[in-house]
Every structure is written in C-alpha cells, then in structure tokens.
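To start, the structure under review is shown below, and the notes come after it.
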Amino acid sequence: MVRLSLRWRVALALGLGTVVLAGVLAVVTWNLASGYMLRQRETSAIRQAEVNVQLVDASLRTGSEGLGDLLSGLTSSSDATILIERPSGWLTSGRQVDADVLPPALLRMATDGVPAHQRLNAQGIPVLAVTLPVDGGESAYVELFPLTQLDQAFRFLSTVLAIGVAASGLLGLGLGHWAGRRALRPLTELTQAAARVVGGDLRARLPDRDDPDLASLAATFNRTADALEKRVRRDARFAGDVSHELRSPLTTMANAGAVLRRRRDELTGTAGRALDLLLGEIGRFQRMVVDLLEISRDDLRPDEVPDEVVDLGDVVRHVVAVRPGKPPEVDLVAQPPLVLADRRRLDRTVANLLDNADKYAGGAVRVAVLRHGGRARLEVDDSGPGVPDDQREQIFERFARGPYAGRRGVDGGSGLGLALVAQDVRWHGGAVRVEDRPGGGARFVVELPEVHR
Amino acid sequence: MGVQRVEDPAAERRMGPVDARLLMVEDDERIRLALGLALADEGCEVLEAESGERALELLATASVDVVLLDLMLPGMDGLDVCRTLRARGDQPIIIVSARTDTSDVIAGLEAGADDYVTKPLVASELAARVRALLRRRHPDGGSPRALRLGDVEILPDEEVVRRGGAEVHLTRTEFGLLLELAQARGAVVSREDLLRRVWGYDYFGDTRLLDVHVRRLRRKVERDPDQPERVLTVRGRGYKAVGVE
C-alpha cells in the first residue's frame, strides 16, 4: 500500500471531518425543515377541508340540487379532488381519482365519524388525503390535496444539502492540504537549507521565526551551520596561509636547485644521486603547494563566479597543443559548445585530466568535445587498467590514490589533481565522473552547462 | 644589492643568451640570491633592490631592460612602484608575486605591468618571459607600412601610434596587441593566437592578462572605452579590429 505523505494525510483527515460534520448538519436541517413544511401544509389542508365539508354538509341537508355546482366550484381552482360517498356510489369532483386507491382503513375511520389524514400516492402524484364524516356521519367526505409543490421543494432542499456536503468536503480537503503545506513549510525550508549546505553552500541559513515552536529549530540549524562554515573557512584559510608562506622558501629552493641542476656533471657518485633525489622532491613539493593553494581558494572565495564565454573546443585544442609528448586524438563536434567559465580553471581541468592519464594509464588516447543531453561534454579516454567500481568516487578526493598509492613516488604528482578537477568542475556548475571506456581503459566524463551562441 | 654577472658559457649554449639587464625588486634576501644566481645562469645581468624606494633611486641613474617587481614590499607598495614607473614611460615590467588571486593579478596589470607571474617560479621560465617581452616590438611577418584604424594611425617602423595627429603613448605590450589586431585586417584573432603572438610563448590559460591589456589599450585608442568602436570583443572567440585601412 502506498503510504501517503503527511501533508495529504492531514488534508484527508480534514476533508473527512468536514464531510461528517456537514452531513450531520444536513440531516438535521433536512428533518427540521421537511417536518415543519409538511406540518404547515397538513394544517392548512385540514382547515381547508373542514371549511369545505361544512359547505357540502349544508348543501346535502338542503337537498342535493346544487351539490354538483358546489363541488366543481370547490375544486376548480386547484388540482384537488373531492370524493363523497353516497348510497349511489362515489361522487367525484376535480381531478378524477378512483376511490379504490384510498386505503380502506382511512375510509373506515371516516364512516366511523373520526376525521383522519394520510399521505399517499394517488395515480402518480403525491397527495394528502383528508377524510371527514359528512351528512351527520352517514357518509365519508374525502379531499385529496396534491403535494407536488411541496415535493419539489423537498427535492430542491435535498439537492442543495447534498451539494453543500460535497462542497464542504472538498473545501476541507483543500484547506487541509494548504494548512499542511503551511505547517510543514519550516520543515521544507530546513530540508532545502540542509541540502544546500551538503551541496557546498556554507552560507545557507534559515530565516528567523517568531513562532516559539519553530524558533529553536531555526536557531539550532543556523548555529550548526555557522560553526560548520567558520570551521571550514578556518581550515581553508590555514591551508592557504601555509601555502602562501611556503611560496617564498620554495622559490629560493627551486632556483638554487636550477643552479645545481646545470652543474649536475660536477657532482658524481653519492652526491650526484642525492642531488637528483633532492631536485625531484623540490619539483613535487612545488606542485603540491601550488595545488593546495588552488584547492583551498574556492572555500575562501565563494563569490567568484564563471564570467567568460569560452569555446570548449578551443580550450582542448590549446591545452593539447602546448603539452609536450605524443598528443592524443582530438575529437571535436562541429561547432563545439560554448560554456561560461574561468578560462584558467577550465584549462587546468583539461590539463589535470591529461596529467592523470599520463601518470596512471600511459597517456590519454582520445579527447572529445561533444554535446550530450543538452550539456557540453568533455571525454578524456585512456587505455590503461581502468578504475574499479568501488574507487570511482574516491579517486576524486584529496590525496586519495587508492590502488595507485604505491606508484605515486615515481611520478611526483601532488595527489590533488583529480580533486582539483572535481572542485573546478563543480565550481562551473558541472559534474565529473569516471566510467569504463568501450574497448578497455577509463573514460573521464565532464559535463558542463552549455551557453548558446 | 649590487651588480652581479656570472659568466657561464655552458648555460648560454643550452638556453641561448638572453643578454638582458634586469632589476629585481624583492625584499626576501634568499630569493634575491637564488633567483639572481639562476637568472645569471640564463645569461641575464641582474641588478637588485630590496625596496621600491631603492628601485626608483637606481632607475633614475641606471637603465635596465626589464624590471622584475615583487608586490609585497616594505615601505612603498609594489603596485605604487609599478604605477610610478609606468607614469615615467614604457619601461617593461614583470610582476613576480606570491599573490595569485584574480583581483591581485588584475590590479597588477592595471597598474601597468606587462606580465604577471606567480611564485614559486624558476629562472628559466622567467627568462623565457623576459625574452618574449623584449621581442614584443617586432612581431613576425609584420608589414612595415603604416596602418590606419579610423583616426588612429600606426607606424610600425617608427613604433609610433598617432590619434588625430597627436602621438599616443603605448607600452610595448599595448603596441604589439594593436599591431597584431590591425594586421589581421578585421579578421577575428583568437585569444590563444594573441597571447602567443604578443606575449610570445604558449601562455597557459591566463586570459586575464589579455583582457586587462585590451582594456588598457581601449582607454588610449577608443573615444568611449566602454563602448569600443575600434577593438571589439567577439564573444567566445577573441578580438577583432574594425575599420583597418
């Protein structure tokens, strides 16, 4: 069974409640109103019949010549029917109704001299039958009053009540839905804010609330987010400061190293080997510090946004062209997509992916720029061992080298290349992942929002 | 501070002589020493100054080809030194800084520097940039005859630009940029090509350099730099000069 959301459950409960309440009200209204109307009609009908029967009675006593005229006069203005039991049979005036439709019990009461009334259906129309003794109790006087109008009124009333119940049910449902959403809005906002924090926006906060039920929730969330932001920024600033302070001694080391490298021939044996080691490590140290500064930069500068329109094809062509070594196959779609970018970071992304292929897979074999699902897409293929499933997220983490750990000493990478790629791509509003390349090897896929020409 | 010259024929054989006189303005003594030695290996003659004031003092009497300028200096700020030098003339300047933020790079270039490099860097890279900067006035395949760009007149031989008859003062970089665009005769020149031809090496990525110099150039040759009529941006592709005769 599908479990309804809280909001819909609130709405349903409110809807049902409204229907029940409106239903009870409608039933009570119906009973009171219909009973009252019916009693009114009966009272007036009986009074009318009593007046009529006195006229008939007088006419019978004086002789029956004018009885027919009197009866037609009494019934001419309405659909009423008057039946009088005479020794010769039933005398009927007005709308013709067979006396057989009258219940015998009712007639018996009239002949017994007891006035009575009853609602019944006479040949298709609802009527109120009023019986009175006439001619000194010798015969029965029956008058049938049609109830058609009252019936219509009842039908109208019941329709109005039914529609009312249905409408209030819907209204209750709608109100419940709205109230549910309103009541849950703080939760929705909390979810959205938390999602933004998870997505890297450390400045996401909840608005202050006057409502005491919600104020503490918002305050707690905001305090947590404040602490998190402060900590992340402090860590990032520290990394940035460290890198910055390291740049000066590194400049000295790198240049002193360059002087020594030119004179490598003058150093032989152990000293020469130690120098090689030293120079190699200076290079690696330098890359690491530069990458570390770059990677801590975004946390420090959340306001920077990509603002240059760049042809992704140009970027790839340029980066491939300036790299030493055998270039990979470059596969560009006609009219390569434009992206909104920081040119330096985009270049770095392509270069880092190519570096990665150099280090772990003997070099990239193909770099492609395509369009895919409305986004600009960059693919860097290698024919190396590929990346196992369980490593595919991990390799984009800082200093995470997974199965390659043992091999890093040789290549002198910073351990930050792919982490920088992930960060730069995310900064551009894109996504990066690694998958299997058809035919073996790994394929790094970068997707970026396309800007239209 | 002082004048150093390290003769090393082997270095000149490997790298080709730069044969440039540089002034290194840097407050960190160890960097001055190491970079000085390494630049000497590249064939440069290096003067040193430990502060901006000292650098300006030196330049009043000595002439150098390129000034290498650190930004974080005691006393007078590196940017102020750069502005002062630019106000004096078209002395080629390369900023060598530990600051890598976009805002710092743009501030440095806006102050009039021809190039901006970040520490840590090695002397060979710096020497390549010096060489490129010194070659900048002589673009390859340049036609020697005068070019006109509306009311702007370019005389490649005399290295003079006139606007409405009056001479406009351009730095080497700005002159190179204008000449490259004018010689393309209205065709779009990509950012890469401009960087390669004007700065003279495979500039990796940093197009901020180009954008700031185009902005500076526009201030000198456009009637309204915010609504350029001569040097236009072609979105996603590069720049072009309009109305070349």
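Checked against the criterion of being out of contact with any Ser or Thr (no Cβ under 8 Å at 6 or more places or on another chain), in a loop (DSSP other than H, G, I, E, B) and at the interface with chain A (Cβ under 10 Å from one of its Cβ atoms), region B:19-30 has at least one qualifying residue. If a residue must be open to solvent by 50 Å² or more (accessible area, probe 1.4 Å) and either in a strand (DSSP E or B) or within 17 Å of B:R208 (Cα to Cα) (or both), how many such residues does region B:233-245 contain? Qualifying residue count for the region: 4. Set side by side, the residues B:R83, B:R145 differ, and just one is farther than 30 Å from A:R287 by Cα, open to solvent by 30 Å² or more (accessible area, probe 1.4 Å) and either part of a helix (DSSP H, G or I) or in contact with a Phe, Trp or Tyr (Cβ under 8 Å, 6 or more places away or on another chain) (or both), which is B:R83. The set of residues from region A:108-135 being free of Cβ contacts under 8 Å to residues at least 12 places away in the same chain and on the phi > 0 side of the Ramachandran plot comprises just one member, A:G124. Confirm whether A:A376 is modelled with pLDDT under 90, closer than 12 Å to A:L312 by Cα and either over 38 Å from the mean Cα position of the chain (by Cα) or within 14 Å of chain B (Cβ to nearest Cβ) (or both). Spelling it out, it is not the case that A:A376 is modelled with pLDDT under 90, closer than 12 Å to A:L312 by Cα and either over 38 Å from the mean Cα position of the chain (by Cα) or within 14 Å of chain B (Cβ to nearest Cβ) (or both). Of all residues in region A:324-366, those satisfying the criterion of being within 12 Å of chain B (Cβ to nearest Cβ), crowded, with 16+ Cβ neighbours inside 10 Å and in a loop (DSSP other than H, G, I, E, B) are A:P336, A:P337, A:D342. Only one entry in A:T131, A:T111, A:T92 is polar (S, T, N, Q), more than 60 Å from the chain's Cα centre (by Cα) and open to solvent by less than 20 Å² (accessible area, probe 1.4 Å), namely A:T131. Residue count for region A:240-251 satisfying the condition of being surrounded by fewer than 20 Cβ atoms within 10 Å (Cβ to Cβ) and within 7 Å of another protein chain (Cβ to nearest Cβ): 2.
More than 23 Å from B:R88 (Cβ to Cβ), at pLDDT 80 or above and of a type outside the set (A, V, I, L, M): is that true of B:E174 in this structure? Here the answer is no, as B:E174 does not meet what is asked. Does A:R155 meet the test of being open to solvent by 40 Å² or more (accessible area, probe 1.4 Å) and either within 16 Å of the chain's Cα centre (by Cα) or of a type in the set (S, T, Y) (or both)? No.
Does region A:197-212 include one or more residues that are surrounded by 13 or more Cβ atoms within 10 Å (Cβ to Cβ), assigned to a helix (DSSP H, G or I) and out of contact with any strand residue (DSSP E or B) (no Cβ under 6 Å at 6 or more places or on another chain)? Within region A:197-212, one or more residues are surrounded by 13 or more Cβ atoms within 10 Å (Cβ to Cβ), assigned to a helix (DSSP H, G or I) and out of contact with any strand residue (DSSP E or B) (no Cβ under 6 Å at 6 or more places or on another chain). Going through region B:100-116 one residue at a time, which ones are within 11 Å of chain A (Cβ to nearest Cβ) and crowded, with 18+ Cβ neighbours inside 10 Å? Those that are within 11 Å of chain A (Cβ to nearest Cβ) and crowded, with 18+ Cβ neighbours inside 10 Å: B:T100, B:V105. Of all residues assigned to region A:55-71, none qualifies as being closer than 25 Å to A:M37 by Cα and open to solvent by less than 70 Å² (accessible area, probe 1.4 Å).
Might you check whether a residue that is loosely packed, with under 12 Cβ neighbours inside 10 Å, among the hydrophobic types (A, V, I, L, M, F, W, C) and closer than 24 Å to A:G176 by Cβ occurs anywhere in region A:11-25? Yes: region A:11-25 contains one or more residues that are loosely packed, with under 12 Cβ neighbours inside 10 Å, among the hydrophobic types (A, V, I, L, M, F, W, C) and closer than 24 Å to A:G176 by Cβ. A:A334 - would you say it is in the same structural domain as A:L354 (by TED's automatic domain parsing) and more than 18 Å from A:L346 (Cα to Cα)? For A:A334, the condition - in the same structural domain as A:L354 (by TED's automatic domain parsing) and more than 18 Å from A:L346 (Cα to Cα) - is met. Of the residues examined, A:L260 is not one that is in a helix (DSSP H, G or I), out of contact with any His (no Cβ under 6 Å at 6 or more places or on another chain) and away from chain B (no Cβ under 11 Å).
The values are calculated or read from the model by the stated rules, or taken from the named source; none is laboratory data. Since this is a predicted model, take the numbers as computed values, not measurements. Glycine also receives a Cβ, built like all others from the backbone with ideal geometry; neighbour counts cover every protein chain displayed. Please note that ligands, DNA and RNA were not included when accessible areas were found on the heavy atoms of the full protein model with its side chains. Shrake-Rupley method; radii C 1.70, N 1.55, O 1.52, S 1.80 Å.
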